[in-house]
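Notes for the one structure printed next.
The values are calculated or read from the model by the stated rules, or taken from the named source; none is laboratory data. Keep in mind that what you see is a predicted model, and the values were worked out from it rather than measured. Note that we place each Cβ from the backbone using ideal geometry, even for glycine, and neighbour counts take in every protein chain shown.
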Amino acid sequence: MRVSVVLLTSDLRLHDHPPLCAALETADAVVPLFVMDRAVEAAGFAVPNRRAFLADCLADLDAALRQRGGRLVMRSGDLVEEVCRTVAQANADEVHMSAGYSLFAARREDRLRRALEAVGRRLFVHDTVTVAVPPGTVTPASSDHFAVFTPYYRRWAQHPLRPLAAAPRRIRVPNHVGGEPLPARSDVTGVSPGLPAGGETEGRKRVATYWRRGLDAYEDTRDDLAADSTSRLSCHLHFGTLSPVELLHRARRRGGPGADAFVRQLAWRDFHHQVLAARPEAAHADYRTRNDHWRTEHTARADIEAWRQGRTGYPVIDAAMRQLRYEGWMPNRARLLTASFLTKTLYVDWRIGAAHFLHWLVDGDVADNQLNWQWVAGTGTDTRPNRVLNPVAQAKRYDPDGGYVRRWVPELAGLAAPALHEPWKLPAPDRAALDYPDPVIALPDGLDRFRRARDRDH
Ligand SMILES: Cc1cc2nc3c(=O)[nH]c(=O)nc-3n(C[C@H](O)[C@H](O)[C@H](O)COP(=O)(O)OP(=O)(O)OC[C@H]3O[C@@H](n4cnc5c(N)ncnc54)[C@H](O)[C@@H]3O)c2cc1C
């Protein structure tokens, strides 16, 4: 009997899964394997929100495999050792997995390939599983990656998508290959109370609902903070419970301004992945240095803590930071505002903000998080690196009725817009009646400091 192992990583689904399809084409039986990788824990990446979501994903995948006659095999420890042990137990010939694009993923793949080759087994890595257009597929004439989104997008949009891979109907897993019990969401502590449920079934339901009720209006409503009208599919894309290729096929088939704008956002995802693949150090170091001398944990401790706790005195910033803790998620407009506030108004190192986001975000992703932070901080790919978002003007524009602030900052729930966006301007007795902090800094002071800092070394 010919057996293949399918190593699952950020692709926890059965629909449109090229590694699984490739394994099933050549093998009589497959071992769908997930390894709870010790190195991910050691890197501090296994935070409560993502561990809880992952537990849902694994349970859902196991159930889907069982419906098809198989099951998920889970192990924990060193990923390379566990894959090799599984290969030996199953007497498998091949291992199939999807490509990852961080330095961590590249090193892991390299170690695994060498370990498998040493025992005469082959590793097949499939590259259109977690992204639609893999890094290196479209490149400018003079570089290994695009550093600016618009020209990237033009080329990306012309690149043909591979056809979809059908979900398997039957899967045979060899009986003698055992695993460990799956983790349970209920065992994870410190999880955000409003964290969504994970798993492919949930992801597919969410797509169906969004396609019915949200997508067509996406272009007009996506920045409306109170409307909560974006897809909220980022967590499913991060864990691979949804396929970006499938979403793109479906959005293109649908057409229209909403679907087109959605496609463009998915291109941003691929864009950041191709930057990270070409410049892995951009996860930690400035992609384009502006010679910043950022404020740090030591020099800006109180400001950073106020930002983290949602107590900066700027209602829209505080609303967003509290949503992050409560749901493990924030809409893109809120991420832009809070990141601009930290890096520009407070002039704090973008890495401090990125680490806080990575701690809470259920979709927390090295490529998307670090490179978006760099984009906002002006050390990344933004062609206007010194722009500063004014949180009051932005709040009036994107939360005109104040519904978003009232939802997350109950201290201000009795106020009407636009006054609730500037509570420090209320008449003294009304202001005194609020249990809400004064602004950590006046906006003109923040702007001055930032401009001086950026001009200093230029
Ligand atoms: C400072 C900052 C940090 C971020 N960190 C992350 C992160 O860790 N993980 C993450 O997935 N996204 C991140 N984003 C991008 C974006 O904010 C989220 O993808 C989006 O808010 C998720 O909500 P949604 O699924 O409703 O998005 P929608 O608006 O419905 O967009 C559809 C999909 O397009 C992709 N997308 C949208 N905007 C972007 C973008 N700017 N960059 C990359 N992909 C995008 C996402 O996969 C998203 O699910 C960050 C943005 C900023 C400004």
Lone unmet requirement of (1) assigned to a helix (DSSP H, G or I); (2) touching a residue at least 60 places away in the same chain (Cβ under 8 Å); (3) under 15 Å from the mean Cα position of the chain (by Cα) for ARG351: (3)
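Counting just the residues of segment 396-407 that are part of a helix (DSSP H, G or I) and touching a Leu at 6+ places or on another chain (Cβ under 7 Å), which one comes out nearest to ASP228 (Cα to Cα)? Reasoning before the result, please.
First, the residues of segment 396-407 that are part of a helix (DSSP H, G or I): 396-398, 403-407.
Next, from what is left, pick out any that are touching a Leu at 6+ places or on another chain (Cβ under 7 Å): 398, 404-406.
Numbers: TYR398: 11, TYR404: 9, VAL405: 12, ARG406: 14 Å.
Out of the qualifying residues, it is TYR404.
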Got at least one residue in segment 386-395 being of a type outside the set (A, V, I, L, M, F, W, C), within 16 Å of the ligand (Cβ to nearest atom), in a loop (DSSP other than H, G, I, E, B) and within 30 Å of PHE239 (Cβ to Cβ)? no
Please determine, by comparing only the residues of segment 302-339 that are of a type in the set (S, T, N, Q) and either in a loop (DSSP other than H, G, I, E, B) or more than 15 Å from the ligand (Cβ to nearest atom) (or both), which one is surrounded by the most Cβ atoms within 10 Å (Cβ to Cβ). THR312
Any residue at all in segment 106-116 that's assigned to a strand (DSSP E or B) and assigned by TED's automatic domain parsing to the domain that holds ARG13? no
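I'm trying to understand the selection: among the residues of segment 408-427, which are part of a helix (DSSP H, G or I) and at pLDDT 95 or above? Quick ask: steps written out before the conclusion?
First, pick out the residues of segment 408-427 that are part of a helix (DSSP H, G or I): 408, 410-412, 419-421, 423-425.
TRP408, PRO410, GLU411, LEU412, LEU420, HIS421, PRO423, TRP424, LYS425 - these are the residues of segment 408-427 that are part of a helix (DSSP H, G or I) and at pLDDT 95 or above.
Can you tell me how many residues within segment 346-357 are more than 9 Å from the ligand (Cβ to nearest atom) and closer than 13 Å to GLY378 by Cβ?
2
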Count - residues of segment 208-233 that are of a type outside the set (Phe, Trp, Tyr) and more than 11 Å from the ligand (Cβ to nearest atom): 11
Result of the Cβ filter at 6 Å on segment 216-242, keeping first residues that are within 13 Å of GLU202 (Cβ to Cβ) and touching a residue at least 60 places away in the same chain (Cβ under 8 Å) and partners that are near the ligand (Cβ under 9 Å from one of its atoms) and charged (D, E, K, R), at least 6 apart or interchain, is CYS235/ASP363
Specify which of the listed residues (ARG250, ARG264, ARG254) is within 30 Å of THR383 (Cβ to Cβ), surrounded by fewer than 18 Cβ atoms within 10 Å (Cβ to Cβ) and charged (D, E, K, R). ARG264
Return yes when SER76 is of a type in the set (S, T, N, Q) and modelled with pLDDT under 95 and no when it is not. no
For GLY194, state whether it is loosely packed, with under 11 Cβ neighbours inside 10 Å, in contact (Cβ under 8 Å) with a residue 40 or more places away in the chain and small (Gly, Ala, Ser). no
